Amino acid sequence: MNYIAETGALKKAGLSIVILLFICCRGFAQAQNVPVNFRVDNLICEYKINPIAVDAANPRMSWKLITQDRNIQQTYYEIRVGTNAVSLTKGKDLIWTSGKVPSDESAHVYYGGPMLTSREKCYWQVRVWNNKNQVTPWSMVNFWKMGLLKQEDWSAKWIQDNYQSDTTGGPSPMFRKTFKLDRKIRAAHLYITAHGVFEAQINGKRVGNDYFAPGWTSYNKRLQYQVYDVTSLLRKGENATGVTIGDGWYRGYTYNRKKNVYGKKLALLYQLEIVYTNGKRELITSDKSWKVAYGPIRSSSFFDGEVYDARKEKSGWTEPLYKDATWDTVKTDESIKSNLITTIGPTVKKHEKFLPLKVFTTPAGEKVIDFGQNLVGWVQFKLKAKTGDTIRLFHAEVLDQKGNFYTKNLRTAKQEITYVFKSDSVESYEPHFTFQGFRYLKVVGYSGPLDSTNIAAYALYSDMAQTGKFSTSNPLVNQLQHNIQWGQKGNFIDVPTDCPQRDERMGWTGDAQAFVRTATFNMDVAGFFTKWLKDLSADQHRDGAVPYVIPNVLDSVSSAASGWSDVATIAPWTIYLAYGDKQVLQQQYESMKAWVGYIQLHSRNYLWDTGNHFGDWLFYAGTNYEDGAALTDKNLIAQAFYAYSTQLLINAARILKRGDDVQKYTQLLYNVKKAFQSEYVTPNGRMISGTQTSYVLALNFDLLPENLRESAAKRLVNNIQDYDEHITTGFLGTPYICHVLSRFGHTDIAYDLLMKESYPSWLYPVKHGATTIWERWDGIKPDGSFEDPGMNSFNHYAYGAIGDWMYRVITGINTDENSPGFHRIIISPHPGGKLTSAQAELETLYGRVKSAWSIDNGIFTLDVIVPPNATAEIVLPSVTDQITENGLDINTEKEITGIQKIGNDEHLNVGSGTYHFVYTLKTFGKHVN
Ligand code: RAM
């Protein structure tokens, strides 16, 4: 059927939508010989499906090839972009077409057409050819829409209430406006942001499902706006809209109870753009015509919670008929708009729901609910009391030794919800501008029953797709993986934070660099880090010093700590590896360079031995072993990271083809390493700090002469054995220790560390019932008492950095650094630790990668999936005899090439497809069954 011809006759918008949906869902079969099982899908633009506010001049498009066939490579692609979905499929009204481009790129392909303008909507589709001479049909039609690219696009004015005073911690203003739309609406988009965090409604309905919008950025330099398609919320005739604003990060409390970091006054910027069916446009903007009042949110704060008096609700306040005669006028404000930017990363959304696992009374007589998971979010309830009754909810991560509710580790953060009932009937409530880190809830002032019908907890976090899965035959390791993922969920609330519960909640750079590689395995964090790194550049000081926290809410001297500020080089490089995203390197290049420049400036003879550093933060410093023996010299660490950052800068310069810089920094690196060796290493390779971290950093960053590396690795092993196979590293050594051991042939020792159940180890908290990663190895000590409440978070992802080794070494899923983003994959599993099976999956930009192995009676089985348009090198470990793939001798399969035995391992190359390998394993070491 030629449905294009038919659509030409269809004039009605509704029908066009139906047709478009049909095209989108089905793909569009062209009149040519195309195999049904080869197609293109998952079209994204700037990492998003159909984004409606893109501000990149040349947006990047990515797609996935879908086929069951093996060894499929893209050989050509063709993209076309048009102004109309229907005519696009006829090849008409095109803005740009790429032509047939010989290329295997299916990720981050730049739009190359004429300059796009604000609000422009571009429909696009793609088709590809493969190495088997097949061509796909044209893909589904997707689109992107440009944001407001120029300051002049904003007609809206900033509005505020009329009170001048600083009212941090006070009630939330509610802004309201009614308006009449006299025609039928074709489309309506709301462009909105705030000084503070906002929730908007139109005609009684919530706009979008974002929380804490506009998110946290370095507001004075970069303030995100959100865009919502609100067509379905509006109607011909009378309409009303309203927006409530909370303190949020803008003026709410931050470290040391500092407030008003970005300004004192909450404000709203609101621009509703309507297009009628006749093409006429209408604008509803924030201006003097709005009204303002205070309502039920008496105070809201990330640290302290929310006070909500339901008696002060203004029922129907975002409906046109609501009477607002007593409401106040607003004043406009000339705050800048030049800092407005579109939202790049994922916004915060509501995710998992938890029902009470147990409702009980503690020995101290407190009424407590256990939700079974340390999570970040809030509690929602539907309860009945009497008018004026007050219920108070307190949140805690743990119970103390006696089983009582424990909040000392929250420091001054109250994490308290106070709700005043308005009636004698059932009332529903959830908070607005606050979040809590908790597993336990203490309920005060409510004597009725509490159970899964009337109370639940919700996790809120940045809406990152879960891309990775990892599990093994060991339930403790699986719980560790669970804890790592929940550490990530709880601490990725628009920015990567260190702790989501106490009075801190800041984007500590050291933690972020330690965890970023693991983060890329669990979830899609490309947009999340791209956005945060822009704030890093924005807040980086002129001399290149990178603040301890991003966005920077500390003073200007709280910057330039080794292993913290190095996030400036480590995070962009990691995002490049995980997603093959060169643009992030381009975007961050000057910042990377500036950071290395800062160190250069503060070094003498290539030695950086000045400044304040956190060192190997929270390393094992217990008394059971030798006191302080695990303390690593801070300047040694600084020098090691100096070298590493320089190395990553060289890598980036190479990718970006900056030959002069490659040369210049290679020379610098040579000198930095020499200085490291002469200052911190004896001629025989003994390091001045004989600690795990010291050897780990020296080996991981290639700081020792080649001839001293094996023996240094041996010293590391000896050190670990001296500690009875316990880990003693802090935030800086932990991410690399197992990698270093594996690299130097000591995977068995790495497994010893992983499997250790006594303190200090990764499984020690697991054995103590942890559901997240702890800030300290001994947040709860072996005797059941707590670490210093001044710094004892039970939801802190830094030590979760082991996740990267679990994916990359246990199941062995890695990207070839020369073909990043898993375009070329390395699958190199390492059985050990008495595991009988391990499996991981990772959704990459090319599709799903899988590596799953099991050992049964000495027979090793490995299942691999390589997505289309990717290739893989597979390394089969410890091979003794013939290997079969799907029952066939691998040597007889023409799709398997380059078979080569290196040591005990068999290396082979494959294209895309599903593979099932079986062979007898050579027994090696104590760790393999
Ligand atoms: C504390 C936290 C944080 C760390 C800093 C140095 O605030 O442990 O994670 O980065 O100290």
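The values are calculated or read from the model by the stated rules, or taken from the named source; none is laboratory data. These figures come from a predicted structure and were not determined experimentally. Note: ideal-geometry Cβ built from the backbone for every residue, glycine included; neighbour counts use all protein chains shown.
Residue-wise test of (1) among the aromatic types (Phe, Trp, Tyr); (2) outside the structural domain of Thr844 (by TED's automatic domain parsing); (3) within 16 Å of the ligand (Cβ to nearest atom).
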| site | (1), (2), (3) |
| --- | --- |
| Ala568 | no, yes, yes |
| Trp608 | yes, yes, no |
| Gly615 | no, yes, yes |
| Gly622 | no, yes, no |
| Ala640 | no, yes, no |
| Leu669 | no, yes, no |
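Checked across the range 699-722, the condition of being more than 16 Å from the ligand (Cβ to nearest atom) and at pLDDT below 95 holds for at least one residue.
Restricting Gly527, Gly490 to residues that are under 27 Å from Ala465 (Cα atoms), in contact with a Leu (Cβ under 7 Å, 6 or more places away or on another chain) and either modelled with pLDDT of 95 or more or within 16 Å of the ligand (Cβ to nearest atom) (or both) narrows the list to Gly490. With the structure loaded, tell me whether Ser689 is without any contact (Cβ under 8 Å) to a residue 60 or more places away in the chain, of a type outside the set (A, V, I, L, M) and not in a loop (DSSP other than H, G, I, E, B) or whether it fails that test. Judged against the criteria, Ser689 is not a match. Taking the range 791-841 as the range and being part of a loop (DSSP other than H, G, I, E, B), within 23 Å of the chain's Cα centre (by Cα) and of a type in the set (A, V, I, L, M, F, W, C) as the test, the residues that pass are Phe794, Phe822.
Can we say Glu273 is of a type outside the set (Lys, Arg), at negative phi, surrounded by fewer than 19 Cβ atoms within 10 Å (Cβ to Cβ) and not in a loop (DSSP other than H, G, I, E, B)? So Glu273 fails the test. Exactly one residue among Arg127, Arg119 is in a strand (DSSP E or B) and at pLDDT 95 or above, and that residue is Arg127.
Being closer than 20 Å to Gly733 by Cα and β-branched (Val, Ile, Thr) is a property that does not hold for Ile650.
Taking the numbered list (1) closer than 25 Å to Ala578 by Cα; (2) assigned to a loop (DSSP other than H, G, I, E, B) in turn, Asn133 passes all entries but (1).
Determine, yes or no, whether Ile896 is crowded, with 20+ Cβ neighbours inside 10 Å and in contact with a strand residue (DSSP E or B) (Cβ under 6 Å, 6 or more places away or on another chain). In short, yes.
Conditions (1) under 30 Å from Val54 (Cβ atoms); (2) of a type outside the set (Lys, Arg); (3) modelled with pLDDT under 95, marked per residue:
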residue: Ser335; (1), (2), (3): yes, yes, yes
residue: Ser338; (1), (2), (3): yes, yes, no
residue: His351; (1), (2), (3): yes, yes, no
residue: Val368; (1), (2), (3): no, yes, no
residue: Gly388; (1), (2), (3): no, yes, no
residue: Thr407; (1), (2), (3): no, yes, no
residue: Ala413; (1), (2), (3): no, yes, no
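Report yes if some residue within the range 772-781 is out of contact with any Pro (no Cβ under 7 Å at 6 or more places or on another chain), in the same structural domain as Asn909 (by TED's automatic domain parsing) and not in a loop (DSSP other than H, G, I, E, B); otherwise report no. No: zero hits.
Do we find that Ala465 is surrounded by fewer than 24 Cβ atoms within 10 Å (Cβ to Cβ) and within 30 Å of Ile344 (Cβ to Cβ) in this structure? It is true that Ala465 is surrounded by fewer than 24 Cβ atoms within 10 Å (Cβ to Cβ) and within 30 Å of Ile344 (Cβ to Cβ). Would it be correct to say that Leu536 is within 16 Å of the ligand (Cβ to nearest atom), within 18 Å of the chain's Cα centre (by Cα) and more than 30 Å from Lys850 (Cβ to Cβ)? It is true that Leu536 is within 16 Å of the ligand (Cβ to nearest atom), within 18 Å of the chain's Cα centre (by Cα) and more than 30 Å from Lys850 (Cβ to Cβ). Scanning the range 744-780 for residues that are of a type in the set (D, E, K, R), more than 28 Å from the chain's Cα centre (by Cα) and either farther than 14 Å from Ile802 by Cβ or surrounded by 22 or more Cβ atoms within 10 Å (Cβ to Cβ) (or both) yields Asp748, Asp752, Glu757.
Scanning the range 493-521 for residues that are part of a helix (DSSP H, G or I) and either under 28 Å from Gln415 (Cα atoms) or within 16 Å of the ligand (Cβ to nearest atom) (or both) yields Thr509, Gly510, Asp511, Ala512, Gln513, Ala514, Phe515, Val516, Thr518, Ala519.
Could you tell me whether any residue of the range 312-322 is of a type outside the set (S, T, N, Q) and not in a loop (DSSP other than H, G, I, E, B)? Walk me through it before giving the result.
Narrowing the range 312-322 to residues of a type outside the set (S, T, N, Q): 312-314, 316-317, 319-322.
Subset that is not in a loop (DSSP other than H, G, I, E, B): 312.
Yes.
Can you find, within the range 542-564, the residue that is farthest from Asp616 (Cα to Cα) among those that are of a type in the set (Ser, Thr, Tyr), within 14 Å of the ligand (Cβ to nearest atom) and not in a strand (DSSP E or B)? Among residues in the range 542-564 that are of a type in the set (Ser, Thr, Tyr), within 14 Å of the ligand (Cβ to nearest atom) and not in a strand (DSSP E or B), the one farthest from Asp616 (Cα to Cα) is Ser558. Of all residues in the range 401-432, exactly one satisfies the criterion of being hydroxyl-bearing (Ser, Thr, Tyr), surrounded by 15 or more Cβ atoms within 10 Å (Cβ to Cβ) and part of a loop (DSSP other than H, G, I, E, B), namely Thr407.
Looking only at the range 774-832, how many residues end up being within 16 Å of the ligand (Cβ to nearest atom) and not charged (D, E, K, R)?
The total comes to 17.
Among the residues making up the range 751-770, those that are in contact with a His (Cβ under 8 Å, 6 or more places away or on another chain) and in contact (Cβ under 8 Å) with a residue 40 or more places away in the chain are Tyr751, Tyr759, Pro760.
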